[in-house]
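Heads up: the structure comes next, in structure tokens.
Readers should treat all values here as calculations from the given coordinates under stated rules, not as data from a laboratory. All of these numbers come straight from a predicted model, not from anything done at the bench. Glycine also receives a Cβ, built like all others from the backbone with ideal geometry; neighbour counts cover every protein chain displayed.
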Amino acid sequence: MTETSLFDTSAPPGVFAEVVFDRPIDQAYTYAVPEALRDRITVGQRVECSFGRGDKGSIGYVIGIGDVAPQRAVKSILRFADDVALVDDQLLKLTRWMADYYLCGWGQVLHAVVPAGARDKAGTKNATFVVSLLPEELPHPLPTVTPKQKQALDRLKQEGKPVELPRLVKMLGGGVSAIHTLVSKGLIRKFTERIERAESVEPGDDLSTPTTATPLSLNPDQVRAWDTIRTALDTGGFHPFLLHGVTGSGKTEIYLRAIEEVVRRGQEAIVLVPEISLTPQTIERFRGRCGQVAVLHSHLTDSERGAYWRRAAEGKVQVVVGARSAVFAPTRNLGLIVIDEEHENSFKQESTPRYHARDVAIMRARLAKVPIILGSATPSLESWHNAHKPGGYTKISMPNRVENRPMPQVTLVDLRHEPKTPGKYFAIGSTLEKGMRDALKAGGQVMLLLNRRGFSTHVHCPACGYVAQCAHCDLSVTFHRGKSALVCHYCGWETPPFAKCPSCSQLAIRYQGLGTEKLQEEIESKFPDKVVQRMDSDTMSKPGSHERVLDAFRDGSIHILLGTQMIAKGLDFPNVTLVGVVNADVGLHLPDFRAAERTFQLLTQVAGRTGRGPKGGRVMIQTFTPEHPCIALATRHAYIEFATQELHHRKEHQYPPYHRLARLIVRSEKQEASEAFANTLAGAFKEAIRRHATPGTAPLRLLGPAECPVFKLNGYYRFHFQIQSDITSPLHAVLREVLAVAKTPNGVEYQLDIDPYSML
Ligand code: ADP
Ligand code: ZN
């Protein structure tokens, strides 16, 4: 597009709108607002404009309206895309901040945060309702009715409001014709209305009114926590809290109190939880107490999402519970944000805009001038650090479990010294096996964590050293027996398993390495009379399967639940008396400065799944490196000690939270092109860093360029480099300066990740 293509001398003078489009450039374009649209146009509204020559119409967001004519003639807005603004002033400010901080287009951010279903009016449909009549509306004399008709009539009266026809039929277990007869007899009324689709799915299913759960009486730690937070709610204003409470310390009760209070004041709350914790159990706890709760989970259709968005914008929802994207929920009068398990990596989005929902939430709370509670048993080191510096978060500690329940006792099992059966390999050593038998014999249930799915994770040829790899990635593939395929866990590429080595044709191919599928087989053969269930993304892909398994586990019909990190988070089953970690070392040795932190968090979280009931509980951790500090400290539930040590290490190596990190990945299907551009870009950065260096402040540091730890991914060759900056260094200025003029060659692209979480 050239500059001149924006010229349009026929545009009327008077009112002008600034419009941003879903493009990776952070720039707004000026359009004239036609006479007919002037009195209805608002900031935050979507409009259709011609963008460049030959463009029939692109959708953009109005981000400003003014009456100062630009220097040159401009084109006119063609039409409105929606009748009303989709984003309010606060969301505009928030997305503007994101565009600045994450260095992407404002229009791009807006496009990403407003759900598709809210943008298009696809979310409505015609629905038929029936409603009972007032006594004076009924015919005289009353016609007689059959028992089936009487039942429908009574049920409808009981409801006391219009009910969608299919729903009434469902409640009655049939009887459409009986209902139609009632209509023709004049005993009930039928009408059609245009409604949002989500409403027609199951009212009360995802948007429900409170049931009658009563608040618990708080223990002394909780009283202290609640007093601190209530004072902030009373005072008003931005106030960030870090609620550090061990697993089972009753953090949720504190969230609930705060939310109830906010709702009582006629305000709304946003609650962010990791997607994995959006279980019916969690949701029920909020629903029981907090007014109209909307749940935004990933299984929702676009139109359902859109419906929630609109209802929240209309002020009809008091509490929005959801994963990452719920941070953008368009509330009317926001009073509080809560982030449970704030340390979770799933709050970071790995596609543009690469935002971290915790950081965005902090900014949102700041803009809305409301308190925000970050809760965790193992806070991220970023948040922990923030809670210890002047002017940072207020830390609230709940170091004990409710009702003085003890923390579970953790035993380390050193796999190097477990007795071995010659010629046989078992994932479960004799110590853990005995622990399981004891727990099960006493009527308890067992959870086993193995953070690796599939059957064999290492398929190789001992004759020539060949290792089966993905055709598109530098990653070895995992054998999945269920689907009889070798699968790349990154890109999903699959190939049939082979009996002969593709490289040397020997028949010696070995399937080694342990995944959850193989573990399940071993457990089933060791415990033939027990019900074993596996929970990982392979078995839990269908909507509802997660809930079904958890229900069965809760009612005791599953004895042993094994799975990936999916089982480690937030579940509360009082009858789990043993948690076994099959291999604590998975993930510990990844080339990522957060590997130890993640391992510590995972071990602590999974250990927290036991001892939650009167029966108590214990944890057994199998490891080859029991002396590793993060494993040793997790065994003692020593978060503070771990954080102190790890922060020391981070400081020494100039990693977050002491330094800020930006990562640039250059990728291309051609290796040389990728490498060449990475070098050019890094060179430009070095130059800019030199120019920006000011005496007295720490200069930016550039690390790399080098091949990414996973060099080839999805068919792309990837080089990366990192820029480390001291918190006050002009990181953004340098990034902006260099990237504004970077000329990306054809067939090459780069990705910028501010505060990266994925280092592979
Ligand atoms: P956390 O979120 O800190 O892991 P939860 O909020 O899930 O802990 O609380 C653990 C269990 O303790 C829940 O079953 C909860 O209902 C219960 N609980 C919370 N507070 C109290 C209290 N004051 N008295 C008794 N039980 C409580
Ligand atoms: Zn792959």
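Taken as Cα centroids, region 694-755 and region 553-611 sit 35 Å apart, rounded to the nearest whole angstrom.
For Lys170, a cut-off of 21 angstrom between C-alpha atoms picks up these lysines, skipping any fewer than 8 places away in its own chain: Lys125, Lys148, Lys150, Lys157, Lys161, Lys190. Estimated from helices alone, the mean residue ellipticity of the chain at 222 nm is -9000 deg cm²/dmol (sum of -39500 (n - 2.57) over DSSP H runs with n ≥ 4, per residue). For region 394-411, backbone phi angles converted through the Karplus equation (6.51, -1.76, 1.60; θ = phi - 60°) give residue-by-residue couplings of 8, 8, 10, 10, 10, x, 10, 6, 5, 6, 6, 5, x, 5, x, 7, 10, 10 Hz, Gly and Pro being listed as x.
Charge tally around His356: other residues with Cβ under 14 Å, Lys/Arg +1 each, Asp/Glu -1 each, net 0. Sorted fewest first by neighbouring Cβ atoms within 10 angstrom, Trp493, Trp309 come out as Trp493, Trp309. Annotation: amide H of Ile65 within the under-5 Å range of Glu18, sequence separation 5 or more or interchain, hydrogens built in the peptide plane. Each residue of region 294-399 gets 119 Å³ once the volume of the Cα convex hull is shared out per residue.
Among beta bridges from DSSP that stay inside the chain, the antiparallel ones total about 55%.
Look at where the Cα atoms of region 516-543 and of region 635-692 average out, and the two centres are 39 Å apart. For region 246-256, 3J(HN,Hα) computed residue by residue from phi via the Karplus equation (6.51, -1.76, 1.60; θ = phi - 60°) reads 4, 4, x, 8, x, 5, 4, 4, 5, 4, 4 Hz, glycine and proline entered as x.
Annotation note: trypsin sites (Lys or Arg not before Pro) in region 324-398 located in DSSP loop regions with a Cβ neighbour count of at most 13 within 10 Å are Lys369. From least to most packed, judged by other beta carbons within 10 angstrom and beginning with the fewest, Thr599, Thr697 follow the order Thr697, Thr599. Candidate cross-link partners of Lys530 among the lysines, defined by an alpha-carbon separation under 26 Å and a same-chain spacing of 8 or more, comprise Lys420, Lys424, Lys434, Lys441, Lys483, Lys518, Lys542, Lys569, Lys615.
For the pair Asp88 and Thr694, label points projected 7 Å from Cα toward Cβ lie 3.8 nm apart.
Close amide-amide hydrogen proximity is noted between Leu713 and Asp474, Arg718, each under 5 Å apart and 5 or more residues distant or on a separate chain (H modeled in the peptide plane; Pro and chain starts excluded). For region 319-378 versus region 244-289, the inter-centroid distance based on Cα atoms is 13 Å.
Across region 414-530 the C-alpha pair distances fall into 5 Å bins from zero in the proportions 2, 11, 17, 19, 17, 13, 10, 7, 3, 1, 0 percent. Among Ile77, Ile640, Ile229, the order by Cβ neighbours within 10 angstrom, fewest to most, reads Ile640, Ile229, Ile77. Along region 349-365 the Karplus relation, 6.51 cos²θ - 1.76 cosθ + 1.60 evaluated at θ = phi - 60°, assigns HN-Hα couplings of 8, 9, 9, 4, x, 7, 9, 10, 4, 5, 5, 5, 5, 4, 5, 5, 4 Hz to successive residues, with x for each Gly and Pro.
Region 543-638: which chymotrypsin sites (Phe, Trp or Tyr not before Pro) are DSSP loop and have at most 12 other beta-carbon atoms within 10 angstrom?
none
Gain on full extension, evaluated as 0.36 nm per residue between Val176 and Thr394 minus their Cα-Cα distance, stands at 72.6 nm.
Within the same chain, aspartates and glutamates fewer than 8 places from Lys651 are excluded, and of the rest, those with a Cα less than 15 Å from its Cα are Glu382, Glu597, Asp726. The Kirkwood radius of the chain, taken over pairs of alpha-carbon atoms, gives through the Stokes-Einstein law at 10 °C and 1.306 mPa s a diffusion coefficient of 54 µm² s⁻¹.
Backbone amide hydrogens, once placed in the peptide plane, bring Ala485 within less than 5 Å of His480, excluding anything fewer than 5 places away on its chain.
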